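The block underneath contains the structure these notes are about, expressed in structure tokens.
The values are calculated or read from the model by the stated rules, or taken from the named source; none is laboratory data. From a predicted model like this one, the values you see are computed outputs, not experimental measurements. Quick reminder, even Gly has a Cβ in these numbers, built from the backbone with ideal geometry, and neighbours come from all protein chains shown.
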Amino acid sequence: MDFNLKIALAGEGGQGVQAVAEIITEAAYRAGFQALYIPNFGVEQRGGVSVAFVQISSEPVSAPKFTTGDIVVALSPRAVERVRQYVGDKTLLVYEAGLEDDVRRVYGEEQRRLAVPALAIAQEEMHPRVFNVIILGVLVGITGFVKEEAVQQALERQLGHKFARDPALRELNYRALERGYDIGRGKREAVYTNLFAV
Amino acid sequence: MATRPVTGEQRAFMTGNEVVAWAALAAGADIMYGYPITPQNEIMHYWTRMAPKYERGFLQTEDEISAGFATVGGVLAGKRAFTATAGPGNVLMQEAMAMAEMMRLPTVVVVTQRGGPSTATVIYSQQELNLTCFGGNGEGLRIVYSPASHDELFLYTIKAFNSAWKYRFPTFVLGDGYQSKMREPVTIFAPEARGITMEPCHPMVGLPGLPGEERDPAHLRNTYNLEDELYEVLMDAINAYESVAPQVMEWDTYAVDDAELLIIAHGVVSRAARAAVVTLRERGCKAGYFRPVTLRPFPAEPLRPLADRARNLLVVESAYGQLKRHVQAGLYGIPTPVTGYLRPGMGITPEEIAQCALSLLKN
């Protein structure tokens with residue numbers, strides 16, 4: 001079956017949005033899908049809204065950017081505004097739960113949505129630095145097309161050198177991934193699982 | 001010391017900048033000269049990381065004027081030399097590239113277009129088409145390839161070295177920030193694995209033997225005293241360019257046989273154009289697409305009959321009419337109306353093109 005899943009992610013520079021995009025795209029490519037990821041960034045090294053465009057497809061991906069995402073992720077107040085142009089009627093908006101008021105103001109009540117308390121989980125149960133890995137887990141859980149192990153391997157490729165220095169980091173990241181995965185799986189929709197049923 | 005960077009064919013998932021560095025290595029490039037500028041930087045980064053392993057050289061110069069002239073110097077010394085730049089850096093390189101045009105030097109430049117004019121954005125555009133094709137104080141005797149995918153970025157970077165050394169015209173790979181930064185699957189290969197033989201490189205200075213007695217003197221000039229002298233040299237170069245143009249020209253088409261609406265795009269935008277044609281066909285619109293792969297020489301001849309047969313032409317580009325002007329000049333005398341979907345410095349999606357095409361067909 002032909003499919004082309006489009007995900008846009010946005011957050012503040014330094015929140016780890018690009019790493020999430022890179023890991024999920026690489027995991028999808030290694031799982032045998034066509035995949036394309038492109039970052040969009042300003043001239044600043046830090047600060048400013050960082051946007052990532054991910055497409056995972058059965059056929060080679062056409063244009064690197066798209067008009068409307070199937071899933072759009074917003075992780076900061078400015079990101080909530082910034083991704084508005086990529087959100088359509090059918091888009092699932094995934095956002096940090098602390099942004100509830102911003103999301104309500106920009107998108108009203110009708111938008112399909114999933115609030116993820118990633119900041120609270122990271123701060124209270126884990127470590128602030130795994131905030132983005134929780135989000136990664138959520139996306140893997142929602143879409144369900146890449147096995148968790150494949151994502152762990154992708155994490156390993158990305159962060160292996162850090163894990164080697166501090167093995168506790170590996171365990172922390174895996175836990176964050178798992179926690180996000182469980183949140184995402186609860187929202188998994190037939191539309192995605194059907195797409196990827198091979 | 002490893003000698004072969006790529007053997008056979010290898011699948012990979014990487015950014016376009018990595019692809020260019022691998023391609024230059026696979027092509028046997030001897031040295032890169034460069035000065036940092038986004039979104040080209042990682043070509044230099046990857047090259048400097050990998051080049052020492054294969055005994056290749058790198059020199060960071062003080063600016064792009066210098067990088068351009070150093071590339072000229074490398075080529076004169078018989079090295080397969082290249083540089084990469086973007087935006088304002090591409091502007092600064094034009095003097096050196098004009099010299100390469102004048103002296104028929106096989107320089108290779110990879111351009112990763114960013115928003116312009118001036119510093120503008122570090123992200124993306126197709127606004128360096130005019131500059132790359134015609135940037136010098138001359139006639140634009142250059143070869144300019146516009147790749148659309150990582151597979152092509154790899155292939156045309158290799159090809160650029162061969163075209164440059166075979167035809168002796170400065171050659172450019174005109175990429176863009178999107179292609180530089182995006183990751184997608186690519187198959188990299190050793191040229192011989194695809195039956196490609198690299199053109200040999202020869203030094204033009206420091207040749208052995210006594211000039212005038214044991215060999216002809218090397219007469220390398222970019223300065224002439226008389227109009228007639230310059231005219232003669234230029235006309236030789238122009239005639240050479242025109243005679244090889246048919247061999248150098250490349251283009252791509254899709255669904256053009258019965259196309260009433262012909263969408264014309266180059267580079268990364270052509271991917272969106274092709275996808276839009278698929279959508280339009282599904283809706284019963286007779287759409288097709290034409291893509292110049294070489295922007296210099298521009299493939300006007302193969303385009304003309306297709307354009308003549310169509311009822312509408314739609315030129316789509318991330319610039320304000322730079323491709324459209326080429327198209328219109330190439331199609332002079334053909335009455336089919338030409339419309340532009342012109343978005344300087346902006347990415348273009350298949351949905352936008354399809355929508356624009358549908359509204360064009362309604363009117």
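Taken over the stretch B:1-17, the criterion of being surrounded by fewer than 24 Cβ atoms within 10 Å (Cβ to Cβ) and either touching a Phe, Trp or Tyr at 6+ places or on another chain (Cβ under 6 Å) or farther than 14 Å from residue B:187 by Cα (or both) is satisfied by B:1, B:2, B:3, B:4, B:5, B:9, B:13. Scanning the stretch A:57-76 for residues that are among the aliphatic types (A, V, I, L, M), within 11 Å of chain B (Cβ to nearest Cβ) and touching a Ser or Thr at 6+ places or on another chain (Cβ under 7 Å) returns a single hit, A:63. A count restricted to the stretch B:253-292 and to residues that are assigned to a helix (DSSP H, G or I) and either away from chain A (no Cβ under 13 Å) or among the β-branched types (Val, Ile, Thr) (or both) stands at 6. Taken across the stretch A:17-24, residues that are buried (at least 23 other Cβ atoms within 10 Å of the Cβ), within 10 Å of another protein chain (Cβ to nearest Cβ) and within 26 Å of residue A:2 (Cβ to Cβ) do occur, with at least one present.
From the set of residues in the stretch B:347-363 that are part of a loop (DSSP other than H, G, I, E, B) and surrounded by 17 or more Cβ atoms within 10 Å (Cβ to Cβ), which is farthest from the other protein chains (Cβ to nearest Cβ)?
To start, the set of residues in the stretch B:347-363 that are part of a loop (DSSP other than H, G, I, E, B) comprises B:347-349, B:363.
Those left that are additionally surrounded by 17 or more Cβ atoms within 10 Å (Cβ to Cβ): B:347-349.
Details: B:347: 4, B:348: 7, B:349: 5 Å.
Ranking the qualifying residues of the stretch B:347-363, first place goes to B:348.
Going through (1) within 14 Å of chain A (Cβ to nearest Cβ); (2) within 20 Å of residue B:173 (Cβ to Cβ) one by one, residue B:295 falls short only on (1).
I'm trying to understand the selection: among the residues of the stretch A:121-133, which are buried (at least 16 other Cβ atoms within 10 Å of the Cβ) and assigned to a helix (DSSP H, G or I)? Outline the logic, then answer.
Filtering the stretch A:121-133 down to residues buried (at least 16 other Cβ atoms within 10 Å of the Cβ) leaves A:121-122, A:126, A:130-133.
Those that are buried (at least 16 other Cβ atoms within 10 Å of the Cβ) and assigned to a helix (DSSP H, G or I): A:121, A:122, A:130, A:131, A:132, A:133.
Here residue B:290 meets the list (1) touching a residue at least 40 places away in the same chain (Cβ under 8 Å); (2) touching a helix residue (DSSP H, G or I) at 6+ places or on another chain (Cβ under 7 Å); (3) not hydroxyl-bearing (Ser, Thr, Tyr) almost entirely, failing just condition (1).
Residue count for the stretch B:122-179, restricted to those that are closer than 18 Å to residue B:87 by Cα, among the aromatic types (Phe, Trp, Tyr) and either part of a helix (DSSP H, G or I) or away from chain A (no Cβ under 14 Å) (or both): 4.
In the set A:76, A:58, A:62, only one residue is touching a Phe, Trp or Tyr at 6+ places or on another chain (Cβ under 7 Å) and not aliphatic (A, V, I, L, M); that residue is A:58.
For the stretch B:38-56, the criterion of being assigned to a strand (DSSP E or B) and assigned by TED's automatic domain parsing to the domain that holds residue B:131 is satisfied by no residue at all.
Restricting attention to the stretch B:60-72 and to residues that are surrounded by fewer than 16 Cβ atoms within 10 Å (Cβ to Cβ) and either within 22 Å of the chain's Cα centre (by Cα) or not acidic (Asp, Glu) (or both), the residue that is farthest from residue B:28 (Cα to Cα) turns out to be B:63.
Checked against (1) surrounded by fewer than 18 Cβ atoms within 10 Å (Cβ to Cβ); (2) of a type outside the set (D, E, K, R); (3) closer than 24 Å to residue B:291 by Cα, residue B:126 meets all criteria but (1). Among the residues of the stretch B:62-83, which ones are in contact with a strand residue (DSSP E or B) (Cβ under 9 Å, 6 or more places away or on another chain) and in a helix (DSSP H, G or I)? Across the stretch B:62-83, the qualifying residues are B:64, B:66, B:67, B:68, B:69, B:70, B:71, B:72, B:73, B:74, B:75.
Considering only the stretch A:172-192, I want to know if a residue exists there that is crowded, with 18+ Cβ neighbours inside 10 Å, at pLDDT below 95 and touching a Ser or Thr at 6+ places or on another chain (Cβ under 6 Å). Among the residues of the stretch A:172-192, at least one is crowded, with 18+ Cβ neighbours inside 10 Å, at pLDDT below 95 and touching a Ser or Thr at 6+ places or on another chain (Cβ under 6 Å), which makes the answer yes. Pairs linking a residue in the stretch A:156-172 that is of a type in the set (Phe, Trp, Tyr) to a residue that is assigned to a helix (DSSP H, G or I) and surrounded by 15 or more Cβ atoms within 10 Å (Cβ to Cβ), with Cβ atoms under 6 Å and 6 or more positions apart or on different chains, are A:163/A:169; A:163/A:170.
Whether any residue in the stretch A:44-51 is buried (at least 16 other Cβ atoms within 10 Å of the Cβ), closer than 24 Å to residue B:180 by Cα, modelled with pLDDT under 95 and out of contact with any helix residue (DSSP H, G or I) (no Cβ under 7 Å at 6 or more places or on another chain) is what I want to check.
So the first thing to find is which residues in the stretch A:44-51 are buried (at least 16 other Cβ atoms within 10 Å of the Cβ), and the list is A:49-51.
Narrowing the set further to residues that are closer than 24 Å to residue B:180 by Cα leaves A:49-51.
Subset that is modelled with pLDDT under 95: A:49-51.
From what's left, out of contact with any helix residue (DSSP H, G or I) (no Cβ under 7 Å at 6 or more places or on another chain): none.
Within the stretch A:44-51 (the criterion being buried (at least 16 other Cβ atoms within 10 Å of the Cβ), closer than 24 Å to residue B:180 by Cα, modelled with pLDDT under 95 and out of contact with any helix residue (DSSP H, G or I) (no Cβ under 7 Å at 6 or more places or on another chain)), the answer is no, since none of the residues qualifies.
Checked against (1) within 11 Å of another protein chain (Cβ to nearest Cβ); (2) over 22 Å from residue A:184 (Cα atoms), residue A:88 passes all but condition (2).
Picking from residues in the stretch B:298-346 that are in contact with a Phe, Trp or Tyr (Cβ under 6 Å, 6 or more places away or on another chain) and in a loop (DSSP other than H, G, I, E, B), the one that is farthest from the other protein chains (Cβ to nearest Cβ) is B:299.
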